[in-house]
Amino acid sequence: MKNFITLLPALALLASASPLHFGNYTSSDVSSSDDVSFEHLAGNTTTPGIDSLPSCALPCIQIAVKTASDCELDDLPCLCKQRAKIAQAAKKCILSTCGAKKTQKKVRPQVQALCKAEDKKEAERRKAEKKKAKEQEDARKKAEKEQKERDKKQREEEKKKEKEEKKKQKEKEKEEKKKQKEEEKKKKEEQKAWEKLQKEEAKRLKEEEKRKKKEKEEADAEAEGRNEERDVNEERGEMSGEPTFTLEKVKAKHTWWKIDKEHPVKGEPF
């Protein structure tokens, strides 16, 4: 309450500067007591330039504090913070009840003096909030910058990794193509070797067949020679005992028994 009484003169005189509607107040709504000195209301106030304050202004300011603010009457920081709103709300009430001639216009310095400490605290608070907000903004910007750098680094790493993977994939494909080419070459060589073996085997079989045919022909010719020798021996009656004619003798005597390859009819001499 002391803070409120201390601030009342200033608020009252500030509110009387210009009229503003603030309810339908009349002189019957407020006290009609005599003027009260400023020193009586302010108590410990020592600010010069204030002579007196009409007591009729007190109810107006009390009503303004209750209706236009959320302050208690002894909450000086709140009263100082909302003094403009309170004074504005009390203007017409003071003008209607006290009259403009009784108001003093030298009270603004008193308001400043009473609220100087609170204004300083408020300024420091705002400065601290501003500093804190700036620090928070700087921290946010720093965090964003660091995040951007991390994102950039991550993108670069991913790009590098992707590039390396593509390179590895390309090398792998190249190696697979090379391996496939070598396998195809090997298959061709194996196929060629197999065909060569097939040809050699076919040639061998052909030669074997030719050899067997030749041996058969020789065996047939030898058998025919023996048959002729036997026939001759039978004609001569020399069937018993050691044969007179031998194969060598027959070969020496007969030249037609061996068939010539080029001239099968013509005999080949021994």
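Since every read-out is calculated from the coordinates, none of them should be taken as a lab result. Just so you know, these numbers come straight off a predicted model, no measurement behind them. Neighbour counts run over all protein chains shown; Cβ positions are idealised from the backbone, glycine included.
The table that follows gives values for the structure above.
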{"item": "Subset of region 172-206 (residues that are of a type in the set (S, T, N, Q) and within 53 Å of the chain's Cα centre (by Cα))", "result": "Q180"}
{"item": "Residue match in region 174-197 (condition: in contact with a Pro (Cβ under 6 Å, 6 or more places away or on another chain) and surrounded by 10 or more Cβ atoms within 10 Å (Cβ to Cβ))", "result": "no"}
{"item": "In region 54-78, the residues that are under 15 Å from L114 (Cβ atoms) and over 55 Å from the mean Cα position of the chain (by Cα)", "result": "I61, V65, L73, D74, D75, L76"}
